[in-house]
1. Suppose we keep only residues that are among the hydroxyl-bearing types (Ser, Thr, Tyr) and free of Cβ contacts under 8 Å to residues at least 40 places away in the same chain within segment 160-190. Which one would you say is farthest from ARG334 (Cα to Cα)?
2. Just one of (1) of a type outside the set (Phe, Trp, Tyr); (2) over 23 Å from CYS144 (Cα atoms); (3) outside any strand (DSSP E or B) trips up GLY70, so point out which.
3. Between a residue in segment 1-15 that is β-branched (Val, Ile, Thr) and any residue that is loosely packed, with under 15 Cβ neighbours inside 10 Å and not in a strand (DSSP E or B), which pairs come within a Cβ distance under 6 Å, given they are 6 or more apart or on different chains?
4. Return the residues of segment 254-298 that are surrounded by 19 or more Cβ atoms within 10 Å (Cβ to Cβ), closer than 25 Å to ILE138 by Cβ and either charged (D, E, K, R) or out of contact with any Ser or Thr (no Cβ under 7 Å at 6 or more places or on another chain) (or both); say none if nothing qualifies.
5. Scan (1) outside any helix (DSSP H, G or I); (2) surrounded by fewer than 24 Cβ atoms within 10 Å (Cβ to Cβ) for the single condition ALA166 breaks and write down its number.
6. So which residues in segment 323-342 are in a helix (DSSP H, G or I) and buried (at least 17 other Cβ atoms within 10 Å of the Cβ)?
7. Given the options ILE244, ILE211, ILE192, ILE178, name the one that is under 23 Å from GLY288 (Cα atoms), outside the structural domain of SER37 (by TED's automatic domain parsing), part of a strand (DSSP E or B) and of a type outside the set (Gly, Ala, Ser).
8. Hey, among ILE189, ILE225, which residue is buried (at least 24 other Cβ atoms within 10 Å of the Cβ) and either more than 17 Å from the chain's Cα centre (by Cα) or over 19 Å from LEU150 (Cβ atoms) (or both)?
Amino acid sequence: MKAAILVEQKKPLVIADIDLPSELQYGQVLVKIACSSVCGSQIGEIDGVKGPDKFLPHLLGHEGGGIVSGIGPGVTKVKKDDHVVLHWRKGSGIEAPLPKYKWGNKTVNAGWVTTFSEYAVVSENRITAIDKDVDLEIAALMGCAVTTGLGIISNDVGLKMSESIAVFGAGGVGLNVIQGAALVSAGPIIAIDIHDDKLKLAKKFGASHVINSTKADPDKEIRKITGPRGADAAVDITGIVSVINQAYEVTSDSGRTILVGVPRKGEKISIYSLPLHFGKRISGSHGGGANPTVDIPRYLDLYKKGKLKFDGMITDRYGLDDINDAIDGMRKGRSVKCIIKM
């Protein structure tokens, strides 16, 4: 099968034919990947944001839509021909041994879920069955961007009606934070980005105000909107240290600052901590605290009822051979969410 392999950090992925494991182990599921989305986390892995990679060469990708081709011993959650979301957060089911693929005489490593290949061996607890009438591109969005974004609102921020929120970064996760905030009747909902096309999309997904940080000072503009006390909540998607510091500063003295993006290893944020002793809070999000087994069916129900919208979120589509172009588009901000079609 064809796969995109991370062979060396800070280098393009290598497209090659590799061999599947000869048999499925306890708790493993073989999935024919229909499509995968590209998350900023994969770009971070490629670029070595968290430091040297000890598992090279290995497969990537953690949000996809596919069809079950086979199940290993012990698997009861899905059956052959089921349509599934592939996700990186643990759901119900078995956490299986990690698969290993063969590339000539080399071993290619993989995690509990990967999606940048025509087929993938994944753990039972990293897939969730969905109705067959759900577009598998929408399924791919459910693997991370949607569950993370909406989970941030429900689980990390605990945003309430009429509370204000500033969202730094209007990509796939940011747009879902924004529409999650709109769903709970929060406001004002302020989107901050450096790309006008993303800010235009943010308005479509529920932002009441948008700020291009290359053209205006977000701190001043946010306080014009919220008043001098600042926002009740701020969410940073970017992982850029200066932006994290700014998100913390624009959060009120009793507000919540949630960090989604991760700075490069060795970089440190700098904050004035006194307000933390009197009710202000800063914390990191781990996938919005999502439980895919529970949350994906709920969110798909909202989607079918027209409460959640994804039109326009997918801005580009590529074949697997062109995945490095897709990654380049994401890195340079040309794409919001791109889909890799297998």
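1. SER162
2. If we test GLY70 against (1) of a type outside the set (Phe, Trp, Tyr); (2) over 23 Å from CYS144 (Cα atoms); (3) outside any strand (DSSP E or B), just (3) comes out false.
3. As it stands, the answer is ILE15/ASP321, since those pairs meet every condition given.
4. SER285, ASP295
5. All conditions pass for ALA166, except number (2).
6. Of everything in segment 323-342, those that are in a helix (DSSP H, G or I) and buried (at least 17 other Cβ atoms within 10 Å of the Cβ) turn out to be ILE323, ALA326, ILE327, GLY329, MET330.
7. Criteria check complete, one pass: ILE192.
8. Among ILE189, ILE225, only ILE189 is buried (at least 24 other Cβ atoms within 10 Å of the Cβ) and either more than 17 Å from the chain's Cα centre (by Cα) or over 19 Å from LEU150 (Cβ atoms) (or both).
The values are calculated or read from the model by the stated rules, or taken from the named source; none is laboratory data. Being a predicted model, the structure only gives us computed values, none of them experimental. Ideal geometry is used to build each Cβ from the backbone, glycine not excepted, and the neighbour counts take in all protein chains shown.
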